[in-house]
């Protein structure tokens, strides 16, 4: 009886899965990355306070269990307000807001973009946007717009499982086979 009671107490701990993504800011991610023996890839969610689709991502896709579990397992998840006044240090460059003295009229009104958001998104400021960085903080890809669970899990898996490293081999093989058929 006592063993059954202990099993009932321990079983939920063994099957525990998190119910939300472990979002962190840029500085927290950098500190976590330095303390981990094996760094992970970085998923950056670039959002703004006025972006309705950003809020919808937070309320739906980012709440899906498969997304939460895979994101927490394979990525450092960074929430980055693309209009923040915070200073970001990245690759020896200090990024600031493009107009740090600008005052918003209301909390949900548009502000001025941050130079880090501008840089990581190649100047294409659209929200929500997502930047994926590898373990060495080299940008792998940029995605923008609302994503359903199936599309986002595909993106997360493609990079999280390092499939992006081998995809060009598949394309090259298909191109070669196509050329061989055309020569015949």
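All of the numbers you see were taken from the coordinates with simple rules; none came from a lab. Since this is a predicted model, take the numbers as computed values, not measurements.
For the chain, the antiparallel share of DSSP beta bridges with both residues in that region comes to about 60%. If the elastic network links every pair of Cα atoms under 10 Å, which of 21, 142, 107 fluctuates the most in the Gaussian network model of the chain? Highest fluctuation among the options: 107.
Using just its DSSP H runs of length 4 or more, each adding -39500 (n - 2.57), the chain gives a mean residue ellipticity at 222 nm of -12500 deg cm²/dmol after division by all residues. Largest GNM mean-square fluctuation across 138, 93, 120, computed for the chain with C-alpha springs under 10 Å, falls on 93. Can you give the Rg to Rh ratio for segment 56-123, taking only C-alpha atoms and Rh from Kirkwood? Rounded to two decimals, Rg/Rh equals 1.06. For the chain, with a Gaussian network of springs between Cα atoms less than 10 Å apart, report the residue from 144, 72, 91 with the top mean-square fluctuation. Answer for the Gaussian network model of the chain: 91. Look at the alpha carbon pairs under 8 Å that are at least 6 residues apart: their mean separation over the length of segment 14-183 gives a relative contact order of 26 percent. Dimensions of the chain along the principal axes, based on C-alpha atoms and rounded to the nearest Å, stand at 67, 65, 33, largest first.
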